[in-house]
Amino acid sequence: MHEFKIIAKDSKTSARTGVLKLPHGEVKTPCYMPVGTQASVKALSTEDVLACGSEILLANTYHLMLRPGADLIEKAGGLHKFMHWDKPILTDSGGFQVFSLADLRKITEDGVQFQSHLDGSKWEMNPESATSLQHKIGADIIMAFDECIPYPSAEDYVDQSVQRTTRWAERCLNVHRKSGKESTQALYGIVQGSNFPHLREKSARQLVALGFPGYAIGGVSVGEPKESIYEVVKYTVPLLPEEKPRYLMGVGTPEDLWECVERGMDMFDCVMPTRIARNGTALTRKGRVILKNAQYNGDFSSLDPECTCECCRNYTKVYLRHLLQAEELLVLRLLSLHNLHFMMEICGMMQKSIRENRFVEAKQEFMANYFGTNGKSS
């Protein structure tokens, strides 16, 4: 089952809010997906992630293939049972991780040969195996195997990559349709094209013609300036079907969510909120709180007085700073929990503002508080 219903649209922007119905539950959009790369959101239990308000999370095919292996996950009853998570899951195909192994991989028309970052062992991934692996893992949404290229790249190479990504997408679809999994797993296509508008258009048109139930914009957040990401979203969104969900891969700072929902995106994922939490940084309505800074040494206030998470209800900045300095593991959990809760609250703010047709005003209010400025992120 895969249904997407748009509930409301903002009249001044391309922002919309909807409900994505999947086999393991409903997801309200716009949504942020916590990243559980290896079947775990770092430092948090499944119960913690649920307490943050998460309705869907992301796991990584590349990492799960290497360890513990898709066969073992399938034997366990699928990823939902394996990690004790009964809400929706999205798995990426592994294309981005393979891209990140630039010195350890070789790309051919058939697929990619690479060395494991764990032990140097040799592996291969192609559209057929990436799709079959995701079938075994059992996520509600699975992604086509694509070629994610670095920024910047030469236009002729990007063009070749777009064509290859389309051919690979077609091969993924063939495997998926023969598998009998279409009713339980939705396969999304990934638009590539770097920062070349005409190649993004070529990629989008080719993939839309294949008839995927949802579409992602990939190949962003790979080193380019933020404004370039926002521009790619702005000119790619109109090329995608209005009635299908749109997922921006690997993008997810608070300001990114507001900017890209304004331009028409529905789904996001990013490791940033939990990664910076493990380094002692919290996201709040008044901007980032870097607990390593000496100014918090005598601060007995909570991270965010408006936040209702476990961390903000019970602990002070000075205590959290103490935990950080003492290298106590508890601080990793508390800050990760808070940052995820904050991301979910942003999604709730956006959903509400779109329903009330006041997205622009809500965005300005958030940005002004978050950056302490006139509401602009730049």
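The values are calculated or read from the model by the stated rules, or taken from the named source; none is laboratory data. Because the structure is a prediction, the values reported are computed rather than measured. Quick reminder, even Gly has a Cβ in these numbers, built from the backbone with ideal geometry, and neighbours come from all protein chains shown. Surface accessibility is based on the protein's heavy atoms, side chains included, excluding ligands, DNA and RNA. Shrake-Rupley method; radii C 1.70, N 1.55, O 1.52, S 1.80 Å.
Quick one: of the DSSP bridges fully inside the chain, what percent are antiparallel, nearest 5?
50 percent
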Open item on the list: Based on alpha-carbon atoms only, what is the radius of gyration of the stretch 209-332 relative to the globular estimate 2.2 N^0.38 Å?
Closed with: 1.35
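Can you send over the carbon and sulfur percentage of the accessible area for the chain, probe radius 1.4 Å, protein chains only?
Whole-percent figure for carbon plus sulfur exposure: 50.
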- [ ] Please work out the average accessible area per residue across the chain, using the 1.4 Å probe convention, and give it in Å².
- [x] 41 Å²
- [ ] Taking all protein chains together and a probe of 1.4 Å, list K28, K87, K178 from the most accessible to the least accessible.
- [x] K178, K28, K87
- [ ] Quickly estimate the mean residue ellipticity at 222 nm for the chain, helices only: each DSSP H run with n ≥ 4 gives -39500 (n - 2.57), and the total goes over all residues, rounded to 500.
- [x] -12500 deg cm²/dmol
Open item on the list: Need one value: the accessible area of C347 in square angstrom, 1.4 angstrom probe, rounded to the nearest 10.
Closed with: 10 Å²
- [ ] Take each complete run of DSSP H in the chain, measure how far its Cα atoms stretch along the helix's own axis, and keep only those covering 27 Å or more with mean Kyte-Doolittle hydropathy at least 0.0; list them.
- [x] 330-355
Open item on the list: Between E26 and S116, how high is the FRET efficiency from 1/(1 + (r/R0)^6) when r is the Cβ-Cβ distance and R₀ = 35 Å? Nearest 0.05.
Closed with: 0.40
- [ ] Please give, to one decimal in nm, the separation of the simple spin-label points placed at Y151 and D86, each 7 Å out from Cα toward the Cβ.
- [x] 4.1 nm
- [ ] Please give the net charge around G211, taking every other residue with its beta carbon less than 12 angstrom from that of G211, where Lys and Arg add +1 and Asp and Glu add -1.
- [x] 0
TODO: Determine how large the accessible area of R313 is when every protein chain is in place; take a 1.4 Å probe and give Å² rounded to the nearest 10.
DONE: 150 Å²
TODO: Distance from a point 7 Å along Cα→Cβ of A51 to each backbone N in the stretch 334-354: keep the residues under 17 Å and list them by number.
DONE: 334-345
Open item on the list: Taking just the alpha carbons, could you work out the radius of gyration and Dmax for the stretch 299-348, both in angstroms?
Closed with: 10.8, 35
